[in-house]
Structure formats: structure tokens, C-alpha cells
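This report concerns only the one structure given below.
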């Protein structure tokens, strides 16, 4: 069986943000409401306990904005996230040697808007989203990685992860795989080239 190449999305394949089209002041407010002190709502959303509609309704109320306007902008931003074409070409070239799994800690909006708009399912054998898994990558010692390795009967010692998260890389390495961490100096295309040999 082919080894698995796991590739993260946010911070690895894509650096665009939700709500990035908002004026800077409003974008900063969103970041504060979701990502700063109390991240409960964000975590519930990433684990499938909240929907994009609920989160946008909460933000619209907190910010005194019309929900419809915020929702429309949110969907448009989710549909127009950018992935380097070079990376997608590298991924396509590796598919005969690896089973390629996009593994992301993400929200329902990723599957609903981003994946179809960018046609990501044409490049990956599976897409694993924490929203549907109900798990983060590091939960239960990397249970979500084990799930896909078992599903594809793949040898972990020949499998790879490309991710910007130090913790996810450590978890995958502990399972016996090889992890490449994305940094500002070494991006996803660099690591894909390493794997291509």
C-alpha cells in the first residue's frame, strides 16, 4: 500500500483569513472576539458544535453590523482563499506515489464554500476536517492520523506530514512518521520538493 502524505491547510497551503475583506478595525474586532481571551466559541465551531451561521450571527450582534452583510462577505472570503498553483501541481505529481490527505483544523465553511470553490477534492484522496471528525490533530495521541493510516493500510514509517503546527508535527513524529514544519523561510512548496526527491 502507498504511504500517506498529510498536508495541512491553514498556515501551510493557504495564508488567507476569514473576514479579511472587512475594514481593518472590524477585522481586528473579529480576531479579538474569537481568537483572543475566550476561545470556547471558536473551538466549538472547529469541533462541529456550532455552524458558520451561528458564529456570524454572534459577531454581527457584537459588532452592530447587519448579519446579511457580514455573512455575504464571509462566504465570499471563504470562496476566494488562495492556494499556490505551484503547490497544487506538485501535489498532483505525487499522487501516483502517495495517498494524499488534506488534514485541517477547520470549520463547516471550509467544506461548504472553500473546497468546492477551489476544487480541492480534485487534488486529494481524502479531506479530513476537525469539524466533521470531532477531533483536533493532537487529540488522543493523533487518533485522526491513525484513522487515515489504517483506512489506507499505509505504513506510518514511510508517511509524511507537512504542517505549520509544532504540536501537530510532534504528534505525527511520535506515531513514527516524518513531519516537515512550514516556516516563513521554508514553505509548502519547499517541503513538497523534498518529498518529490
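The values are calculated or read from the model by the stated rules, or taken from the named source; none is laboratory data. Worth saying up front: this structure is predicted, and the values here are computed from it rather than measured. Cβ coordinates were reconstructed from backbone atoms using ideal geometry, including for glycine residues, and neighbour counts include every protein chain displayed.
Every condition in (1) surrounded by fewer than 17 Cβ atoms within 10 Å (Cβ to Cβ); (2) in a helix (DSSP H, G or I); (3) touching a residue at least 24 places away in the same chain (Cβ under 8 Å) holds for residue 74 except the one numbered (1). Among residues of the stretch 188-197 being touching a residue at least 24 places away in the same chain (Cβ under 8 Å) and out of contact with any strand residue (DSSP E or B) (no Cβ under 8 Å at 6 or more places or on another chain), the one that is surrounded by the most Cβ atoms within 10 Å (Cβ to Cβ) is 189. Of 20, 50, all but one fail to be modelled with pLDDT of 95 or more, in a loop (DSSP other than H, G, I, E, B), under 30 Å from residue 185 (Cα atoms) and touching a helix residue (DSSP H, G or I) at 6+ places or on another chain (Cβ under 7 Å); the exception is 20.
Residue by residue, here is whether (1) part of a strand (DSSP E or B); (2) surrounded by 19 or more Cβ atoms within 10 Å (Cβ to Cβ); (3) in contact with a strand residue (DSSP E or B) (Cβ under 8 Å, 6 or more places away or on another chain) holds:
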residue: 87; (1), (2), (3): no, yes, no
residue: 111; (1), (2), (3): no, no, yes
residue: 121; (1), (2), (3): no, no, yes
residue: 131; (1), (2), (3): no, yes, no
residue: 145; (1), (2), (3): no, yes, yes
residue: 150; (1), (2), (3): no, no, no
residue: 154; (1), (2), (3): no, yes, yes
residue: 169; (1), (2), (3): no, yes, yes
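Among the residues of the stretch 133-143, the ones that are outside any helix (DSSP H, G or I) and exposed (fewer than 15 other Cβ atoms within 10 Å of the Cβ) come to 1 in all. Report whether or not residue 154 is in contact with a helix residue (DSSP H, G or I) (Cβ under 6 Å, 6 or more places away or on another chain) and outside the structural domain of residue 50 (by TED's automatic domain parsing). So residue 154 fails the test.
Does the stretch 90-109 hold any residues that are under 17 Å from residue 48 (Cα atoms) and either modelled with pLDDT under 95 or not in a helix (DSSP H, G or I) (or both), and which are they?
Correct list: 103, 104, 105, 106, 107.
Set side by side, the residues 87, 78 differ, and just one is under 21 Å from residue 133 (Cβ atoms), touching a helix residue (DSSP H, G or I) at 6+ places or on another chain (Cβ under 7 Å) and modelled with pLDDT of 95 or more, which is 78. Once the stretch 171-186 is narrowed to residues that are within 17 Å of the chain's Cα centre (by Cα) and free of Cβ contacts under 8 Å to residues at least 40 places away in the same chain, the residue that is surrounded by the fewest Cβ atoms within 10 Å (Cβ to Cβ) is 183.
Apart from one condition, residue 45 fits all of (1) at pLDDT 95 or above; (2) surrounded by fewer than 16 Cβ atoms within 10 Å (Cβ to Cβ); (3) in contact with a helix residue (DSSP H, G or I) (Cβ under 9 Å, 6 or more places away or on another chain); the exception is (2).
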